[in-house]
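Trainee: One structure, as structure tokens, below. Some questions next.
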Amino acid sequence: MDYFIELFFSGLTRGSIYALIALGYTMVYGIIGLINFAHGEIYMIGAFTSFIVATVLSIYGFPLLAIVIIAGIAAVVWSSSYGFTIEKIAYKPLRHAPRLSPLISAIGMSIFLQNYVLLAQTSDFLPFPTLIPDFPFMEPIAHIVGSTDLMILVTTVVVMIALTFVIKFTKIGKAMRATAQDRTMATLVGINVNNVISATFIVGSALAAVGGLLIASHIGQINFYIGFLAGIKAFTAAVLGGIGSIPGAVLGSLILGLTESFATGYVSSDYEDVFAFMLLVLILIFKPSGLLGKATNQKV
Amino acid sequence: MFSLKELKKGLLTSLWFVFLTFPIVVIKVDPIARTVVWRWENVAYMAIGTFLVYFLVRFIQYRRENRPKPAAAREKTGSIVHRILQNPTQRVFLVAVVATIAVFFPHVLSSYQTNVMTTALMYVVLGLGLNIVVGMAGLLDLGFVAFYAVGAYTYSLLNLHYGLGFWTILPVGGLMAAFFGVMLGFPVLRLRGDYLAIVTLGFGEIIRLILENWGEFSKGPSGISNISRPSFFGIELGLEQSIIYTYYLMVIFVVITIFIVNRLQDSRLGRAWIALREDEIACQAMGIDKRKTKLVAFSLGAFWAGIMGVMFAAKTTFVNPSSFTFLESAIILAIVVLGGMGSIIGVIFGALILILMPEYLRALSEYRMLAFGGILVCMMVFRPQGLISNIRRTYTFEKKLPKN
């Protein structure tokens with residue numbers, strides 16, 4: 001039973017990380033109908049920035065709490081800046097192009113960013129500093145749920161609540177929902193759609209950066225390639241929940257995280273990634289609109 | 001265009017990029033030795049680089065906006081390559097020159113050069129295969145390399161276990177890949193374009209992961225070695241001769257592929273693909289079976305990839321799963337996009353440029369993938385039709401202007 005609970009919590013942890021990334025996919029897709037292939041790379045850059053900042057600060061002898069806060073802020077700031085810039089360079093000029101053009105551009109951007117980090121930094125796996133200490137109160141259940149897992153779950157829940165608040169009640173959130181429903185109509189009622197799209201990219205990237213920071217401290221090592229797999233898995237989660245739907249992305253991520261965790265725990269860890277891809281292929285074949293998504297009919 | 005305002009914007013842009021790239025480009029930490037290297041010189045490179053790129057982009061935009069009107073008329077006659085190809089005497093001359101170069105290439109240059117050229121020609125064929133799927137039928141296939149892997153492993157495994165030769169397996173490998181194409185295509189081809197891209201990507205990764213992890217079947221990451229090279233009418237050739245022989249085989253493959261793809265383009269099927277790419281609903285209304293037409297495109301592309309997979313295994317005599325990563329698919333896609341989607345001559349040029357350039361500019365080879373990514377973005381933004389765009393067959397009739 002302990003093993004089951006351990007797998008359950010490890011699945012929840014995975015799922016929350018996927019959720020943080022999947023939200024970026026789903027929000028961007030909801031607004032401009034683009035699969036932002038470079039989103040995984042944003043998350044990787046978030047992890048790298050926090051790694052660099054945290055290591056520099058720890059070498060210069062800063063206290064742990066300051067390191068965590070500054071590294072977190074740096075990751076969010078830089079990832080959002082990257083998200084913003086990528087949208088301006090690679091997607092904005094293609095807003096009225098055929099469907100495949102922005103997708104190819106996004107794939108190019110993803111390859112570009114991977115190799116940019118590879119060339120500027122290194123291809124080796126880098127050890128990520130321990131940012132989250134073992135809490136003493138977690139001692140009795142530490143063999144089932146680690147302190148890092150707890151932090152990830154708590155942070156994810158806090159971030160989700162904040163995001164829900166932003167989308168439901170703030171002006172920019174309302175503008176985002178309006179743009180997602182009908183872009184032309186949103187323009188007509190005086191919403192600056194370009195700003196809304198930029199804001200969506202910034203929010204999505206900030207969430208991915210938080211995910212990057214958390215998973216890097218959970219796994220303990222990073223390299224330039226982590227974004228690819230994480231991106232695909234988060235995309236799977238977003239599609240599973242119904243792309244474009246925010247609660248769907250969270251639900252899909254948790255399901256994917258639990259599936260992976262139980263499958264690797266009870267079946268085989270060699271095929272860890274195969275399960276995610278199989279799930280993706282199966283969903284797209286049998287229910288392309290996802291669990292909470294709306295099936296849209298093509299209009300002529 | 002070189003106003004003060006532009007200058008200010010350029011400076012701001014380069015400042016923004018300096019900020020953006022600061023942590024990754026400037027700071028380099030060694031977490032084990034606990035040292036920090038501040039590479040301040042990179043700030044200067046970044047600043048100057050982005051400043052120049054900004055003005056280059058502005059210049060291109062400026063020229064595009066102020067281009068004289070007859071541009072549209074020039075587009076129709078096509079680029080210089082098309083003009084040569086349309087003129088019969090020039091075309092014969094061009095073909096003769098290319099054929100002479102192709103025939104004498106391995107005798108003049110070293111076997112290393114021949115090997116490189118063979119690889120480039122393989123990418124030409126792969127590019128043309130993917131061109132059927134992406135360029136003509138408009139289906140973005142990101143798992144093309146999976147079919148390549150199927151071909152390569154079909155040959156390697158059958159050669160290893162049953163000692164079957166290259167020529168026996170060549171069609172088998174192609175058909176096997178086409179079979180996988182149908183198996184995958186049947187359920188997923190009804191999906192919309194971008195979903196299809198992700199599913200094919202997932203499929204490509206599944207194939208690679210299975211090859212990597214199913215040790216008893218595929219020998220896992222260590223791969224299969226000592227695969228026999230193609231034999232010449234039952235005669236085993238030495239290494240040197242074999243390289244030349246493989247080269248000529250590839251030349252023949254390229255010629256056959258160009259011929260078939262060219263014929264396909266003008267066939268009923270090819271026109272159906274192009275129509276599907278342009279507008280699915282209108283196309284269905286015209287009575288074209290959408291699923292069947294797509295499936296044929298998908299499996300034909302896979303067939304070509306499978307054949308090239310067999311060729312690849314026979315050429316390198318060694319296969320392992322790391323040859324079939326997503327990046328390989330991305331390279332082939334970059335070839336098609338750079339050359340011009342749907343354009344045969346463009347794809348050939350694209351493959352030769354992208355494969356030969358990093359080979360001969362060794363200093364730049366580490367920037368290869370960076371450039372591939374950049375090319376995909378830049379081509380989509382600035383020249384979505386590719387270097388040598390496909391000219392649409394158009395029928396025009398000169399309207400006589402009424403005199404008044």
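No value in this document is a laboratory result; all are computed from the given coordinates. Since the structure is predicted, the reported quantities are computational estimates derived from the model, not experimental observations. Cβ atoms come from the backbone with ideal geometry, glycine included; neighbour counts cover every protein chain shown.
Trainee: Based on the Cβ-Cβ distance of B:VAL36 and A:SER123, what FRET efficiency does E = 1/(1 + (r/R0)^6) give at R0 = 30 Å, to the nearest 0.05? Walk me through the intermediate numbers first.
Mentor: Values: r = 20 Å, r/R0 = 0.66.
Calculated transfer efficiency: 0.95.
Trainee: To continue, here is another question. A:SER269 to B:ARG291: FRET efficiency via 1/(1 + (r/R0)^6), r the Cβ-Cβ distance, R0 45 Å, to the nearest 0.05?
Mentor: Values: r = 38 Å, r/R0 = 0.84.
Using R0 = 45 Å, I get an efficiency of 0.75.
Trainee: Give me the inter-chain shielding for A:112-124: mean count of other chain Cβ atoms within 10 Å, whole number please.
Mentor: Values: counts 10, 3, 4, 10, 7, 2, 3, 6, 9, 6, 2, 0, 0.
What the average comes to for A:112-124 is 5.
Trainee: Related question: What helices does chain A have that are whole DSSP H segments, at least 24 Å long along their own axis by Cα, and with mean Kyte-Doolittle hydropathy of -1.0 or more? If you can, show how the numbers build up before the last one.
Mentor: Values: long enough: A:2-32 (45 Å, 1.11); A:39-59 (30 Å, 1.40); A:64-86 (32 Å, 2.03); A:100-120 (30 Å, 1.54); A:147-169 (33 Å, 2.00); A:193-219 (38 Å, 1.61); A:246-266 (30 Å, 1.13).
Counting only whole DSSP H runs, the qualifying helices are A:2-32, A:39-59, A:64-86, A:100-120, A:147-169, A:193-219, A:246-266.
Trainee: Name the trypsin sites (Lys or Arg not before Pro) in segment A:12-119 that are in a loop by DSSP and that have at most 16 other C-beta atoms within 10 Å, would you?
Mentor: Working: sites: A:ARG14, A:LYS88, A:ARG95, A:ARG99; in loops: A:ARG95, A:ARG99.
Here the trypsin sites (Lys or Arg not before Pro) that fit, given the DSSP loop and packing criteria, are A:ARG95, A:ARG99.
Trainee: What's the extension gain from B:GLN113 to B:SER267 if we count 0.36 nm per residue and subtract their Cα-Cα distance?
Mentor: Working: separation 154, 0.36 × 154 = 55.44 nm, distance 3.70 nm.
Stretched fully, the B:GLN113-B:SER267 segment lengthens by 51.7 nm.
Trainee: List the equivalent ellipsoid semi-axes of the protein assembly as shown in whole Å, largest first, each obtained as the square root of 5λ for an eigenvalue λ of the Cα gyration tensor. Present the calculation step by step, with values, prior to reporting the outcome.
Mentor: Values: eigenvalues 354, 210, 144 Å².
Three semi-axes, in Å: 42, 32, 27.
Trainee: Evaluate the relative contact order of chain A (contact order divided by residue number), counting alpha-carbon pairs under 8 angstrom at least 6 apart; express in whole percent. Show your work: numbers first, answer last.
Mentor: On the way: 462 pairs, mean separation 109.0, N = 300.
Reported as a whole number, the value is 36 percent.
Trainee: How far apart, in nm, are two points set 7 Å out from the Cα along the Cα-to-Cβ line at A:ILE89 and at A:LEU229?
Mentor: Computed distance between label sites A:ILE89 and A:LEU229 equals 2.7 nm.
Trainee: Now for a separate question. Please build a GNM for chain B, connecting alpha carbons under 10 Å apart, and tell me which residue among B:GLN385, B:GLN90, B:GLN113 fluctuates the most.
Mentor: Highest fluctuation among the options: B:GLN90.
Trainee: May I pose another question? How much length is gained if the chain between A:VAL189 and A:VAL166 is pulled fully straight, taking 0.36 nm per residue apart and subtracting their Cα-Cα distance, in nm to one decimal? Can you show the working numbers first?
Mentor: Details: separation 23, 0.36 × 23 = 8.28 nm, distance 2.04 nm.
Difference between extended and current length: 6.2 nm.
Trainee: Could I ask something else about it? Which entries in the list A:LYS233/B:LYS9; A:LYS88/A:LYS174; A:LYS92/A:LYS287 go over 27 Å, if you measure between the two C-alpha atoms of each? All intermediate terms of the calculation are to be shown ahead of the outcome.
Mentor: Values: A:LYS233/B:LYS9 39 Å; A:LYS88/A:LYS174 22 Å; A:LYS92/A:LYS287 31 Å.
From A:LYS233/B:LYS9; A:LYS88/A:LYS174; A:LYS92/A:LYS287, over 27 Å: A:LYS233/B:LYS9; A:LYS92/A:LYS287.
Trainee: Kindly give Rg over Rh for segment B:81-382, based on alpha-carbon atoms, with the Kirkwood expression for the hydrodynamic radius.
Mentor: Working: Rg = 19.1 Å, Rh = 19.8 Å.
For segment B:81-382, the value is 0.96.
Trainee: Moving on. Of all chymotrypsin sites (Phe, Trp or Tyr not before Pro) in segment B:21-53, which ones are in loop regions per DSSP and have a Cβ with at most 10 other Cβ atoms within 10 Å? Walk me through the intermediate numbers first.
Mentor: Numbers: sites: B:TRP38, B:TRP40, B:TYR45, B:PHE51; in loops: B:TRP40.
Here the sparse-neighbourhood loop sites are B:TRP40.
Trainee: Within segment A:101-124, find all residues whose amide N lies under 19 Å from a label point positioned 7 Å from the Cα of B:TYR367 along Cα-to-beta-carbon.
Mentor: Those under the cut-off are A:108-123.
Trainee: Kindly put B:VAL337, B:VAL53, A:VAL274 in sequence by how many other C-beta atoms sit within 10 Å of each C-beta, fewest to most. Display every interim value, and only then the final one.
Mentor: Numbers: B:VAL337 31, B:VAL53 14, A:VAL274 20.
If I rank by nearby Cβ atoms, fewest first, I get B:VAL53, A:VAL274, B:VAL337.
Trainee: In segment B:107-177, which chymotrypsin sites (Phe, Trp or Tyr not before Pro) fall in coil by DSSP and have 14 or fewer other Cβ atoms within 10 Å? Could the numbers behind the result be given before it?
Mentor: On the way: sites: B:TYR112, B:TYR123, B:PHE144, B:PHE147, B:TYR148, B:TYR153, B:TYR155, B:TYR162, B:PHE166, B:TRP167; in loops: none.
Passing sites in segment B:107-177 do not exist.
Trainee: If you don't mind, there's one more thing I want to ask. Could you work out the mean count of beta carbons from other protein chains within 10 Å of each residue's beta carbon in B:206-214? Provide the component values of the computation, followed by the final result.
Mentor: On the way: counts 9, 2, 2, 6, 3, 0, 4, 7, 2.
That works out to 4 on average.
Trainee: Would you mind classifying segment A:69-213 by shape? Square roots of the alpha carbon gyration tensor eigenvalues, ordered a ≥ b ≥ c; an a/c under 1.5 is rounded, otherwise it is prolate if a/b is larger than b/c and oblate if not.
Mentor: On the way: a/c = 2.96, a/b = 1.45, b/c = 2.04.
In terms of gyration-tensor shape, oblate.
Trainee: Just to be sure I understand: with springs between alpha-carbon atoms less than 10 Å apart, which residue in B:SER343, B:SER218, B:SER110 has the highest mean-square fluctuation in the Gaussian network model of chain B?
Mentor: Maximum fluctuation in the GNM of chain B, among the listed residues, is at B:SER110.
Trainee: For chain A, with a Gaussian network of springs between Cα atoms less than 10 Å apart, report the residue from A:TYR266, A:TYR225, A:TYR29 with the top mean-square fluctuation.
Mentor: A:TYR266
Trainee: Same structure again: Averaged across B:195-205, how many Cβ atoms of other chains sit within 10 Å of each residue's Cβ atom? Show your work: numbers first, answer last.
Mentor: On the way: counts 7, 2, 7, 11, 8, 1, 7, 12, 4, 1, 8.
Counting Cβ atoms of other protein chains within 10 Å of each residue's Cβ and averaging gives 6.
Trainee: Hey, quick one: spin label on B:GLU240, modelled 7 Å out along Cα-Cβ, who in segment B:105-127 has an amide N within reach, i.e. under 20 Å?
Mentor: B:105-118
Trainee: Classify segment A:1-78: rounded, prolate or oblate, from the alpha-carbon gyration tensor (a ≥ b ≥ c, eigenvalue square roots; a/c under 1.5 rounded; otherwise prolate if a/b is larger than b/c)?
Mentor: Details: a/c = 3.08, a/b = 1.16, b/c = 2.66.
Cα axes put segment A:1-78 in the oblate bin.
Trainee: May I ask you to list the residues of segment B:87-124 whose amide nitrogen lies under 19 Å from a point 7 Å from Cα along the Cα→beta-carbon direction of B:THR317?
Mentor: Residues B:111-119 qualify, since their backbone N sits under 19 Å from the label point.
Trainee: Moving on to the next point. Using a Förster radius of 35 Å, what is the FRET efficiency between B:ILE84 and B:VAL43 based on their Cβ-Cβ separation? Nearest 0.05, please. Mind showing how you got there, number by number?
Mentor: Numbers: r = 47 Å, r/R0 = 1.35.
Efficiency, from the Cβ-Cβ distance: 0.15.
Trainee: Still on this structure, please answer the following. Over segment B:4-67, what relative contact order in percent results from Cα pairs under 8 Å that are six or more residues apart?
Mentor: Numbers: 42 pairs, mean separation 23.5, N = 64.
This gives 37 percent for segment B:4-67.
Trainee: Sort out for me the Cα centre separation of segment B:222-263 from segment A:203-255, rounded to whole Å.
Mentor: 44 Å
Trainee: What is the gain in length, in nm to one decimal, between B:PHE233 and B:ARG64 on full extension, counting 0.36 nm per residue of separation less the C-alpha to C-alpha distance? It would help to have the intermediate numbers written out before the result.
Mentor: Numbers: separation 169, 0.36 × 169 = 60.84 nm, distance 5.67 nm.
Here the segment from B:PHE233 to B:ARG64 would lengthen by 55.2 nm.
Trainee: Of chain B, which part is the longest with no GluC sites (Glu not before Pro) in a loop (DSSP not H, G, I, E, B) and with at most 12 other C-beta atoms within 10 angstrom? Walk me through the numbers before you get to the answer.
Mentor: Numbers: sites that count: B:GLU236, B:GLU398.
With GluC sites (Glu not before Pro) excluded where exposed in loops, chain B gives B:1-235 as its longest stretch.
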